[in-house]
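Visitor: A single structure is presented below for examination.
Bear in mind these aren't lab numbers, they're just calculated from the coordinates by the rules spelled out. These numbers were taken from a predicted model, which means no experiment stands behind them. Cβ atoms come from the backbone with ideal geometry, glycine included; neighbour counts cover every protein chain shown.
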Amino acid sequence: MSGNSNAGAPRTLYDKIFDAHVVDRSDDGTCILYIDRHLVHEVTSPQAFEGLRMAGRKVHAPERTIAVPDHNVPTTADRVNGIENPEGRIQVAELDKNAREFGLNYYPMNDIRQGIVHIVGPEQGWTLPGMTVVCGDSHTATHGAFGALAHGIGTSEVEHVLATQTLIQKKSKNMKVEITGKLRPGVTAKDITLAVIGKTGTAGGTGYVIEYCGEAIRDLSMEGRMTVCNMAIEGGARAGLIAPDDKTFAYCQGRPHAPKGAAWEAAVSWWKTLFTDEGAHWDKVITIRGEDIAPVVTWGTSPEDVLAITDKVPAPEDFEGGKVEAARRSLDYMGLTPGTPLNEIKIDAVFIGSCTNGRIEDLRAAAGILKGKHLAQGVRGMIVPGSGLVRMQAEEEGLDKIFTDAGFEWRLAGCSMCLGMNPDQLAPGERCAATSNRNFEGRMGRGGRTHLMSPVMAAAAGIAGHLTDVRELLAETV
Amino acid sequence: MDKFTTLTGIAAPMPLVNIDTDMIIPKQFLKTIHRSGLGKNLFDEMRFNSDGSEIADFVLNQPAYRESQIIVAGDNFGCGSSREHAPWALLDFGIRCVISTSFADIFYNNCFKNGILPIVLPQEAVDVLMDDARKGANARITVDLEAQTVTSSDGQSFSFEMDPFRKHCLLNGLDDIGLTMEKATKIDSYESQMAQSRPWV
């Protein structure tokens, strides 16, 4: 049980966290797993609270439940006056009502600490190593960067967690993704995570929990690790994990909800046991040399449609099986011709933000490219910080000035254009260099075309007016 | 939740791989605070033009498939977002079963909470059922959860794997919150023990 991770056969990090949270195990392996943190947002929770009320149930552990509106919230300054869209306004009002009625930890829309749920959790110290963290949102995988077992759930499961603080789970298989060596200049955490999905496919992780390891992962900051784990779900995995280390502990220490004093010492001593034992069993192993990863972009409508920026748009015939037809459909939707060099694809918009790349380090990286430069003629750009505190930090560092001087809009925190549930959307046919996580048809607005990439690549594309290799810009400035 | 025992119905062929939950129910329909009423927007952007008129060649708009209860789909059906609105929309339209070579994890879980049976079969079996589904309304596929078989209109039968706990819940239409709450004392004792071993949580 929890606290004791030394007994028996060698275990993976995932095995250890899972074992520490088992409340009950049936003979067929079905477990009731305890949930340490439950994050809640306005889109996937109203039906769960309604179900709770209809059954006359309470929230089992409101002190472990954290609510914040993020998907629907406008990112313009006039949101202090409320949400214009009536349906969005009702959803946020429902969350407000539910959070207050059930006594949840709550960050309302106009609180400085509001932001994307996956940015707020770590920022406030709710997310800690060795925890189980769930949310009715697939990008809950983000919290795996802390060595927490974190994954998305549906609304029925949200209701289950609210009512019982547990989930019914079966153990997933263990996959090791090792990124060896050093990254080359211009290559970032986003390129790592996209390169992995490019290699495994969007179903390659189905049935697995991934542990990312290797020198290139250890070298990443906590922000970079969150970017990597965030997209574990795009590879189909239930969760992505990175073993906690001194960087993790340093990030957590002093945060509002992190333990203090003796409790901190006790926590760290347990967290230090959270690593994969020598000789533990892996069901699947993927190894990529960090040196081999180039800055990448997606060309299609699946996150597995990944190529180095130096490549060309592929042809449907380059694929096999069902992917041939899917590629034909993608190319048609994306308005691309096979054989076109990727760095000649012109863009209309740039979006920098989201739970994948909306943290302070992402904004610093983008600002590093944009300083003294301007968006190309005809390109619009939007920068949406991941939380009110990220926004404040960026302003203290003067990054907002760099962005606005470069012609970008500087917005308030929220999910924004990543899924376009608020007014931030692409028009039909508009093409966007985006730091978000999904390039699905219609994701950023009906008919909108999304190319996924890192913040530095998106910033560079904005300046050039077309997809471009950020390494060329870096070479110019050296 | 409605029970799922056996089903004989029209199957719509959707061979596209990686059909994601944004396709199944686009984000503009997630603003509801209810579970019902999403069927009219199922596959909205594939099914309707922006003026609301039907896209004639989309499978569920074709006369033979308007009453489909089963979808035979390409690999990795339901990938992407955790939105349970995807199974809610399928169910509201009348779909009770999806057959594919693979499903995304969260979507797969969500189906069982709503009385929808997702069936994983090998490629060869899905190919046979896809061809059968292409024959239109006269080709009805039969699913038997108790026996764990799918049978094509011409009598070819395929067995599928199913987790016993999930099967039990679907066959009996059980709400798993109720089942977990029967173990409340175990949850309480876990929490007391955790207060000692991980007091910072």
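Visitor: Stokes-Einstein at 4 °C, 1.567 mPa s, Kirkwood radius from Cα pairs: D for region A:13-286 in µm² s⁻¹?
Guide: 67
Visitor: Rounded to the nearest 5, what % of DSSP beta bridges with both residues in region B:6-174 are antiparallel?
Guide: 50
Visitor: Less than 9 Å Cβ to Cβ from A:ILE286, Lys/Arg counted +1 and Asp/Glu -1: what total charge do the surrounding residues give?
Guide: Here the charged neighbours net out to +2.
Visitor: Across region A:256-269, in residue order, what do the Karplus-derived ³J(HN,Hα) couplings come to in whole Hz, using 6.51 cos²θ - 1.76 cosθ + 1.60 with θ = phi - 60° and x for Gly and Pro?
Guide: x, 10, 7, x, 10, x, 5, 5, 4, 4, 5, 4, 4, 5
Visitor: Dipole of region A:13-286 (Lys/Arg Cβ +1, Asp/Glu Cβ -1, origin at the Cα centre): which of A:ALA55, A:MET175, A:VAL133 lies farthest to the positive side?
Guide: Most positive-ward Cα: A:MET175.
Visitor: When the convex hull of the Cα atoms of region A:175-313 is projected onto a plane and the area is averaged over all directions, what value comes out in nm²?
Guide: The Cα convex hull of region A:175-313, projected and averaged over all directions, gives 9.5 nm².
Visitor: Which net charge results for the neighbourhood of A:LEU183, defined as the other residues with beta-carbon distances under 9 angstrom from its beta-carbon, given Lys and Arg at +1 and Asp and Glu at -1?
Guide: -1
Visitor: Give the cross-link partners of A:LYS346 among the lysines, using a straight C-alpha distance below 28 Å as the criterion and excluding same-chain residues fewer than 8 apart.
Guide: A:LYS190, A:LYS199, A:LYS312, A:LYS323, A:LYS371, A:LYS373, A:LYS401, B:LYS27
Visitor: What 222 nm value per residue comes from the helices of chain A, counting each DSSP H run with n ≥ 4 as -39,500 (n - 2.57) and dividing by all residues, nearest 500 deg cm²/dmol?
Guide: Theoretical 222 nm ellipticity from helices: -9500 deg cm²/dmol.
Visitor: Considering the options B:TYR65, B:ALA133, A:CYS415, tell which one lies farthest towards the positive end of the dipole of the protein assembly as shown, charges being +1 on Lys and Arg and -1 on Asp and Glu at the Cβ, about the Cα centre.
Guide: After comparing all options, I get A:CYS415.
Visitor: Follow-up. Could you pull out every residue, at least 5 positions away or on a different chain, whose amide H is within less than 5 Å of the one on B:LEU16? Hs are placed 1.01 Å off N in the peptide plane, and Pro or chain starts have none.
Guide: Hits under the 5 Å cutoff: B:GLY74.
Visitor: Restricting to Cα atoms and excluding each atom paired with itself, what does the Kirkwood estimate give for region A:296-477 in Å?
Guide: 16.2 Å is the Kirkwood radius here.
Visitor: If you count, for every residue in B:112-119, the Cβ atoms of partner chains within 10 Å of its Cβ, what is the mean?
Guide: That average works out to 2.
Visitor: Additional query: Taking 0.36 nm per residue of sequence separation and subtracting the Cα-Cα distance, how much length would be gained by fully extending the chain between A:ARG113 and A:ARG218, in nm to one decimal?
Guide: Taking A:ARG113 through A:ARG218 to full extension adds about 34.9 nm, to one decimal.
Visitor: Here's something else I'd like to know. Assigning unit charges at the beta carbon (Lys, Arg +1; Asp, Glu -1) and nothing else, what dipole magnitude in debye, to the nearest 20, does region A:154-228 show about its Cα centre?
Guide: Charge dipole, region A:154-228, about its Cα centre: 260 debye, nearest 20.
Visitor: Are there any GluC sites (Glu not before Pro) in region B:146-201 that are in a DSSP loop and have at most 13 other Cβ atoms within 10 Å? List them by number.
Guide: Passing sites in region B:146-201 are B:GLU146, B:GLU161, B:GLU182.
Visitor: Here is a follow-up. Beta carbons within 10 angstrom, averaged per residue: use that to sort the peptides A:164-175, A:451-462, A:354-365, B:10-21, highest first.
Guide: Highest to lowest by the protection proxy: A:451-462, A:354-365, B:10-21, A:164-175.
Visitor: Just to confirm the number: angle between the C-alpha axis of helix A:322-334 and the first principal axis of chain A, 0 to 90 degrees, nearest 10?
Guide: Approximately 60 degrees, to the nearest 10.
Visitor: Can you work out the Karplus-derived ³J(HN,Hα) for every residue in region A:68-84? Use 6.51 cos²θ - 1.76 cosθ + 1.60 with θ = phi - 60°, whole Hz, and x for glycine or proline.
Guide: Computed from phi, the couplings for region A:68-84 are 8, x, 9, 5, 8, 5, x, 10, 9, 4, 6, 5, 4, 8, x, 9, 6 Hz.
Visitor: If the viscosity is 1.002 mPa s and the temperature 20 °C, what Stokes-Einstein diffusion coefficient in µm²/s follows for region A:4-68 when Rh is the Kirkwood radius over Cα pairs?
Guide: Translational diffusion coefficient: 147 µm²/s.
Visitor: If you average 1/r over every pair of different alpha-carbon atoms in chain A and take one over that average, what Kirkwood value in Å do you get?
Guide: The answer is 22.6 Å.
Visitor: So which residue, out of B:LEU90, B:LEU117, B:LEU30, gets the largest mean-square fluctuation from a GNM of chain B using Cα contacts under 10 Å as springs?
Guide: Looking only at B:LEU90, B:LEU117, B:LEU30, the biggest GNM fluctuation is shown by B:LEU30.
Visitor: Let me ask you something else. Under 1.5 on a/c is rounded, so check that first for region A:65-198, then, if it is not, pick prolate when a/b is larger than b/c and oblate when it is not; a ≥ b ≥ c are the square roots of the alpha carbon gyration tensor eigenvalues.
Guide: Oblate, because a/c is 1.5 or more while a/b does not exceed b/c.
Visitor: Same structure, new question: Determine the shielding of peptide A:320-330 by partner chains: average, over its residues, the number of Cβ atoms on other chains within 10 angstrom of each Cβ.
Guide: Rounded to a whole number, the mean comes out at 3.
Visitor: Rounded to whole Å, give me the distance from the Cα center of region B:175-201 to that of region B:119-158.
Guide: 43
Visitor: What does the charge count around A:ALA458 come to, taking other residues whose C-beta lies under 10 Å from its C-beta (Lys +1, Arg +1, Asp -1, Glu -1)?
Guide: 0
Visitor: Might you report the magnitude of the Cβ-based charge dipole of region A:25-165 about its Cα centre, with Lys and Arg at +1 and Asp and Glu at -1, to the nearest 20 debye?
Guide: In debye, rounded to 20, region A:25-165 gives about 320.
Visitor: What is the set of long-range amide H partners of B:ILE119 at a cut-off below 5 Å, with H atoms built 1.01 Å from backbone N?
Guide: Amide H to amide H, under 5 Å and 5 or more residues apart or across chains, B:ILE119 pairs with B:VAL98, B:ILE99, B:SER100.
Visitor: Tell me, what ³J(HN,Hα) does each residue in region A:392-399 have, in order and in whole Hz, if you take phi through Karplus 6.51 cos²θ - 1.76 cosθ + 1.60 with θ = phi - 60° and put x for Gly and Pro?
Guide: 5, 4, 4, 5, 4, 8, x, 5
Visitor: What residues have an amide H closer than 5 Å to that of A:VAL40, excluding those fewer than 5 places away on the same chain, when H is modeled at 1.01 Å from N in the peptide plane?
Guide: Those lying under 5 Å, H to H, from A:VAL40 are A:ILE66, A:ALA67, A:VAL68.
Visitor: Ok, one more. Please find the FRET efficiency linking B:ARG134 to A:LYS182, where r is the Cβ-Cβ separation and R0 is fixed at 35 Å, and quote it to the nearest 0.05.
Guide: Working from the Cβ atoms, E equals 0.10.
Visitor: Would you please state the base-10 log of I(q)/I(0) at q = 0.11, 0.16, 0.21, 0.24 1/Å for region B:64-152, with intensities from the Debye formula using one equal scatterer on every alpha carbon?
Guide: Debye output, listed in q order: -0.28, -0.61, -1.06, -1.33.
Visitor: Considering only DSSP beta bridges with both partners in the protein assembly as shown, what is the antiparallel share in %, to the nearest 5?
Guide: 30
Visitor: Please report the antiparallel percentage of the DSSP beta bridges confined to region A:13-286, to the nearest 5.
Guide: Approximately 25 percent, going by the DSSP bridge assignments.
Visitor: On average, how much area does the Cα convex hull of region A:372-432 cover when viewed from any direction, in nm²?
Guide: Mean projected area for region A:372-432: 4.6 nm², to one decimal.
Visitor: Mind listing the Cα extents of region A:1-150 along all three principal axes, in Å, largest one first?
Guide: 58, 34, 22
Visitor: Then there is this: Nothing charged except the Cβ atoms of Lys and Arg (+1) and of Asp and Glu (-1): what's the magnitude of the dipole of chain A about its Cα centre? Round to the nearest 20 debye.
Guide: That gives a dipole near 320 debye.
Visitor: Cα convex hull of chain B: how many Å³ per residue?
Guide: 142
Visitor: Please compute the average number of Cβ atoms from other chains found within 10 Å of each residue's Cβ in peptide A:126-137.
Guide: Mean shielding count: 2.
Visitor: Taking region A:387-476 on its own, what percent of its Cα-Cα pair distances exceed 14 Å?
Guide: In whole percent, the share of Cα-Cα pairs in region A:387-476 beyond 14 Å is 70.
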